[in-house]
Amino acid sequence: MRARRYKVACLAGDGIGPELMAEASRAVEAVSRLHGFRVDEAHVPFGGAAVRSFGHPLPAATRAACREADAVLIAATREPALEGVKAELDLTWRITRVRLSRDGDVALVSPVVEDAESLAIERAFRLARSRHAKVTSVGTSPEWFAAVQAATERHAGVIVEHVPVETVLPVLAAAPGRFDVIVTQEVFAHEDVRMVASGRMSADGAGVFGPTHGSAPEIAGQGVANPMAMLLSAALMLGEGLGERAGAETLERAVATALDDGVRTPDLVESGAAATTRQFMDVLLAGLPSARRDTEFAHS
């Protein structure tokens, strides 16, 4: 049987982007080898680095690589040039993963175009079935309620609750563990440092994935950047963009295990010695085999 094979356009950009992308590539390569698929990466110029070399933040070759890829992985979603990438792709719905430390995460799903509400709802229910089978609906229109009801009938066993936005926002800030998958009619105006990974996707699953932080030029090149958000973005890409959910879960579990083992980059250490980016990654990669829980390629 031929190995499953995917093309990913990697946009590292400036600041800490290149070093984070390098570590994400190490992780994706290790996970793909472990789970029996292959990812062909195209590392293309983007943002300030592209301006210095080509005079434009989004050269034609970069645009072409993004159009031809099964997914786009970016090291900083706040880079303005990303808008040019998104404009050329048919992105219709959005997912944001809010990490809650070792207890897991909350997934926020919403449409990004007017006619994608039913698609976003369907994707949220499918995601809930692979998690804890609970969906929180945040919407107001009769059409929204009808679409949620139709999805409820299609996905037996998924628990559904309807919550007003003015109620869900305070709870999301104070006790996010109460939720599993939240599907919203409109994107929340909600900022939180725990929102570490986001993706905008098309109807067929392809999309753009990256951490919500900036390029942090003040620490670039020092080897101290926290790779966790980048790694969870890569896991989001694997699971939601490429459909390799087992591989995504292995990578997510390895991130949590490394943190549980006490490996901390300087931004997470109040006192004492901190790990470098590479030290964190070495621990994570060493733990990948034990982080795997599926047996899809096991042999007797």
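What is the one condition in (1) modelled with pLDDT under 90; (2) under 14 Å from VAL208 (Cβ atoms); (3) surrounded by fewer than 20 Cβ atoms within 10 Å (Cβ to Cβ); (4) not hydrophobic (A, V, I, L, M, F, W, C) that ARG2 does not satisfy?
Only one criterion is unmet by ARG2, namely (2).
For segment 139-183, give me each residue that is in a helix (DSSP H, G or I), small (Gly, Ala, Ser) and within 21 Å of GLU114 (Cβ to Cβ). Walk me through how you get there before you give the answer.
Step one: filter segment 139-183 for residues in a helix (DSSP H, G or I), giving 142-154, 165-174, 176-178.
With small (Gly, Ala, Ser) added as a condition, the list becomes 146-147, 150-151, 173-174, 177.
Scanning segment 139-183 gives ALA146, ALA147, ALA150, ALA151.
Would you confirm whether any residue within segment 18-34 is part of a loop (DSSP other than H, G, I, E, B) and either within 24 Å of GLY243 (Cβ to Cβ) or modelled with pLDDT under 95 (or both)? Step through it out loud before you land on a result.
Of all residues in segment 18-34, those part of a loop (DSSP other than H, G, I, E, B) come to none.
Within segment 18-34 (the criterion being part of a loop (DSSP other than H, G, I, E, B) and either within 24 Å of GLY243 (Cβ to Cβ) or modelled with pLDDT under 95 (or both)), the answer is no, since none of the residues qualifies.
Residue under question is ARG97, and the condition is that it be of a type in the set (Lys, Arg) and open to solvent by less than 50 Å² (accessible area, probe 1.4 Å); does it hold? If you could, list the steps in order and put the result at the bottom.
Numbers: of a type in the set (Lys, Arg): yes; open to solvent by less than 50 Å² (accessible area, probe 1.4 Å): yes.
For ARG97, the condition - of a type in the set (Lys, Arg) and open to solvent by less than 50 Å² (accessible area, probe 1.4 Å) - is met.
Within segment 50-94, which residues are basic (Lys, Arg) and touching a Pro at 6+ places or on another chain (Cβ under 8 Å)? Even if it seems obvious, please write down each step before you answer.
Restricting attention to segment 50-94, the residues satisfying the condition of being basic (Lys, Arg) are 52, 63, 67, 78, 86, 94.
Listed by number, the list holds a single entry, ARG94.
For segment 205-227, which residues satisfy the criterion of being surrounded by fewer than 24 Cβ atoms within 10 Å (Cβ to Cβ) and either without any contact (Cβ under 8 Å) to a residue 60 or more places away in the chain or closer than 19 Å to ALA124 by Cα (or both)? Spell out the reasoning first.
In the first step, residues of segment 205-227 are kept if they are surrounded by fewer than 24 Cβ atoms within 10 Å (Cβ to Cβ); the result is 205-206, 212-224, 226.
Scanning segment 205-227 gives GLY205, ALA206, GLU218, GLN222, VAL224, ASN226.
Results for (1) closer than 25 Å to ALA174 by Cα; (2) modelled with pLDDT under 90; (3) small (Gly, Ala, Ser), shown as yes or no for each residue.
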residue: VAL224; (1), (2), (3): no, no, no
residue: SER233; (1), (2), (3): yes, no, yes
residue: ALA246; (1), (2), (3): no, no, yes
residue: SER271; (1), (2), (3): no, yes, yes
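Output yes when any residue across segment 101-110 is modelled with pLDDT of 90 or more, among the β-branched types (Val, Ile, Thr) and open to solvent by 10 Å² or more (accessible area, probe 1.4 Å), and no when none is.
No - not one qualifying residue is present in segment 101-110.
For segment 17-38: of the residues being over 22 Å from SER290 (Cβ atoms) and of a type outside the set (Gly, Ala, Ser), which is most open to solvent (accessible area, probe 1.4 Å)?
So in segment 17-38, the residues over 22 Å from SER290 (Cβ atoms) come out as 17-22, 38.
Within this subset, residues satisfying the condition of being of a type outside the set (Gly, Ala, Ser) are 18-21, 38.
Working: PRO18: 66, GLU19: 44, LEU20: 1, MET21: 2, ARG38: 121 Å².
Per the criteria, the residue is ARG38.
Which of the numbered conditions does THR136 fail, given that it passes all the others? Conditions: (1) open to solvent by less than 30 Å² (accessible area, probe 1.4 Å); (2) at pLDDT 95 or above; (3) assigned to a helix (DSSP H, G or I).
(3)
Kindly check whether there is at least one residue in segment 47-57 that is touching a helix residue (DSSP H, G or I) at 6+ places or on another chain (Cβ under 8 Å), basic (Lys, Arg) and part of a helix (DSSP H, G or I).
Within segment 47-57 (the criterion being touching a helix residue (DSSP H, G or I) at 6+ places or on another chain (Cβ under 8 Å), basic (Lys, Arg) and part of a helix (DSSP H, G or I)), the answer is no, since none of the residues qualifies.
Which one of these is at pLDDT 95 or above, in contact with a Ser or Thr (Cβ under 7 Å, 6 or more places away or on another chain) and crowded, with 21+ Cβ neighbours inside 10 Å: ALA120, ALA124, ALA76, ALA69? Show your work before the answer.
Numbers: ALA124 fails: in contact with a Ser or Thr (Cβ under 7 Å, 6 or more places away or on another chain); ALA76 fails: at pLDDT 95 or above; ALA69 fails: in contact with a Ser or Thr (Cβ under 7 Å, 6 or more places away or on another chain).
Checking each option against the conditions leaves just ALA120.
Within segment 5-15, track down each residue that is open to solvent by 10 Å² or more (accessible area, probe 1.4 Å) and either in contact with a helix residue (DSSP H, G or I) (Cβ under 8 Å, 6 or more places away or on another chain) or assigned to a loop (DSSP other than H, G, I, E, B) (or both).
Step one: of segment 5-15, the residues open to solvent by 10 Å² or more (accessible area, probe 1.4 Å) are 5-7, 12-15.
LYS7, ALA12, GLY13, ASP14, GLY15, listed by residue number.
The values are calculated or read from the model by the stated rules, or taken from the named source; none is laboratory data. Since this is a predicted model, take the numbers as computed values, not measurements. Cβ atoms come from the backbone with ideal geometry, glycine included; neighbour counts cover every protein chain shown. Heavy atoms of the whole protein, side chains included, go into the accessibility calculation; ligands, DNA and RNA do not. Shrake-Rupley method; radii C 1.70, N 1.55, O 1.52, S 1.80 Å.
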